[in-house]
Structure formats: C-alpha cells, structure tokens
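Step one of this worksheet: look at the structure below.
The values are calculated or read from the model by the stated rules, or taken from the named source; none is laboratory data. None of the values given here were measured: they were computed from a predicted structure. Backbone-built Cβ (ideal geometry, glycine too); neighbour counts: all protein chains shown.
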Amino acid sequence: MAALKDIVAFLDSYLDTKNIEDHFINGLVVSGEKEVKKIALAVDPCMDVLEKAKKENCNLVITHHGLFSKDEEPTEVAKKRKEFLEKNSISLFVSHHPLDVHKDIGNSKIMADIVGLKNQKPFFKMDEHFYGIAGVLDTDLSTLKTKITQKIGPIITLHEFGPKTAKQIAIVSGSGADAIHQMKNENIDTLITGNPKHSEFYAARELKLNVIYAGHYATEVFGIKSVGEKLKNEFNELNTLFIDVPSGL
C-alpha cells in the first residue's frame, strides 16, 4: 500500500497538474481511502471502468479524460459516477491536457516513437504548450497504414489527399484534426490523429494533405498506461491494472 497523498503529490509534480490549462478539472477529483491498495488506470471514468475497478479491489482510479468541466454544471452522468466513487471510497485522479503535453509520456510522443519518427520536434502549439510531435519517416502510405493498424489500432477513416509517399509526418492524439491548419507552414504532408472533424475534411482536401484517423480512444491509451509504469517504479509496493473499455471511436 501507499498513502494517497504521496501518490497525488508525485503525480501532480511529474505531470505538472497545476500549470496546464484545461477545460477538465485535473488532479484529485474525488478523495476516498487514505491508503491505496491497488490502482486502476483507464482512458475514461465511465461506469464500466468504475465498476470493474471496484470488482478488482482498486481504491484509486486514474483516468485521462475528466469527470467534471471547469465551466459547466456537472451532468447527471457525472453526478452518478461521483456518487458511486464516494459510496465505495474510491478516489479519482484525472490527467487530461497535462498528460497530452508531457514531453516523455504524452500520447503523441509515445506514438511518434512507436511509428518510428526521426528528427522529432514539437508540433501543434496551443496555450503555450505543444500537443503533437512532428518528424521524418519516408514511407509509402500503404506501409504506414499497416504499421498504424498493427501498433495503434484499426484506422477509422483515411483521407488521402496528399502525396502517396509520406515524408513529413505529424501526430496529435485524440481530437487533433484542427492541427491540419498548421501542417502547411511546417511542410508536413501527413497527419495521424484520433477522431474526424467534419469541417476539416474540406480543409485537408483543399490543402492536399493526408489525414489518418486512428480513433480517439486508441490514440490515447499510451499515456495513461505509462502513468501506471511510472507509479510502479516510484511505489514498488503498488499493484496497477489497466482497464480497457474501448469506444471504437
């Protein structure tokens, strides 16, 4: 076991929780038992995850997506999830944008390493932080699609409006379609991101760019899994479990 306050302090420091702007409330959102026996990690704080965490005797859940928005009233769904957590003395810690922009275990960074991008550099700056990674990988689109399918997941949608050989590639996990508008300025021909955005279909076509949509969920499992590995290294006595509840989106 480990003290909840020590785990939270480590995560807040490592992920720089307090200094990254976000629409979600990050950090410790629900406080349960003071001593943590087992940690569940997941992309979303949905009821499937929370119920599985309880069944597996986890009393701390760490998710990428948040439970509450800073500027909106809690939804009925969020209230019920919070009630479930409180009733079962389970804590919830959230790391959304802080995990997205992390230089070592951000989703985009890990995928860039998985795909094998060379000469990596930060890409897609918003609010003083970079949410993506760009780099070089001289390969035909067919080979790149195969690599993504094997190492990230099934391709949801593919827009082949650019060159048949992908040379300059950018990766932005999750809702990264807006990055299309920064590609031309950096001579990037192919973007790998999560979920499609209707308006960006036309932008990609008019700018003659390739966009590979590998799914919001599938592109955001990597960072949260790495959080679990970091915690096991920092607190040797802790057990962690990744709960996989894919949306297919």
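Here are a few things to note about the model shown:
- Residue count for the stretch 79-102 under the criterion of being under 30 Å from Ile171 (Cβ atoms) and either at pLDDT below 95 or among the aromatic types (Phe, Trp, Tyr) (or both): the result is 1.
Quick grid of which residues meet (1) under 17 Å from the mean Cα position of the chain (by Cα); (2) closer than 21 Å to Ile114 by Cβ; (3) assigned to a loop (DSSP other than H, G, I, E, B); (4) modelled with pLDDT under 95:
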{"position": "Glu206", "(1), (2), (3), (4)": "no, no, no, no"}
{"position": "Gly215", "(1), (2), (3), (4)": "yes, yes, yes, no"}
{"position": "Gly223", "(1), (2), (3), (4)": "yes, yes, no, no"}
{"position": "Ser226", "(1), (2), (3), (4)": "yes, yes, no, no"}
{"position": "Lys230", "(1), (2), (3), (4)": "yes, yes, no, no"}
{"position": "Asp244", "(1), (2), (3), (4)": "yes, yes, yes, no"}
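- Matching residues, the stretch 149-167, being polar (S, T, N, Q), more than 13 Å from Thr193 (Cβ to Cβ) and touching a residue at least 24 places away in the same chain (Cβ under 8 Å): Thr165
- The combined condition, being under 27 Å from Gly215 (Cα atoms), in contact (Cβ under 8 Å) with a residue 12 or more places away in the chain and β-branched (Val, Ile, Thr), is fulfilled by Val29.
- Close pairs (7 angstrom Cβ cut-off, 6 or more residues apart or separate chains): touching a residue at least 24 places away in the same chain (Cβ under 8 Å) and of a type outside the set (Lys, Arg) in the stretch 126-148, in a helix (DSSP H, G or I) and surrounded by fewer than 15 Cβ atoms within 10 Å (Cβ to Cβ) anywhere: Ala134/Glu186
- Index of the failed condition, Asp48 passing every other in (1) modelled with pLDDT under 95; (2) out of contact with any strand residue (DSSP E or B) (no Cβ under 6 Å at 6 or more places or on another chain); (3) surrounded by fewer than 18 Cβ atoms within 10 Å (Cβ to Cβ): (1)
- The stretch 11-30, subset more than 16 Å from the chain's Cα centre (by Cα) and surrounded by fewer than 17 Cβ atoms within 10 Å (Cβ to Cβ), residue modelled with the highest pLDDT: Ser13
- Top-ranked residue in the stretch 164-200 [being of a type outside the set (S, T, N, Q) and assigned to a loop (DSSP other than H, G, I, E, B); ranked as surrounded by the fewest Cβ atoms within 10 Å (Cβ to Cβ)]: Lys164
- Leading residue by the ranking (nearest to the chain's Cα centre (by Cα)) among those in the stretch 138-155 that are surrounded by fewer than 19 Cβ atoms within 10 Å (Cβ to Cβ) and not in a helix (DSSP H, G or I): Gly153
- The condition of being under 17 Å from Lys147 (Cα atoms) and of a type in the set (Ser, Thr, Tyr) holds for only one of Ser173, Ser247, Ser199, that being Ser173.
- Residue among Thr165, Thr240, Thr190, Thr219 that alone is farther than 30 Å from Leu60 by Cβ, among the polar types (S, T, N, Q) and either at pLDDT 95 or above or in contact with a His (Cβ under 8 Å, 6 or more places away or on another chain) (or both): Thr190
- Breaking point among (1) surrounded by 15 or more Cβ atoms within 10 Å (Cβ to Cβ); (2) touching a strand residue (DSSP E or B) at 6+ places or on another chain (Cβ under 8 Å), for His216: (2)
- Scanning the stretch 64-87 for residues that are over 13 Å from the mean Cα position of the chain (by Cα) and surrounded by 15 or more Cβ atoms within 10 Å (Cβ to Cβ) gives Leu67, Phe68, Ala78, Arg81, Lys82, Phe84, Leu85.
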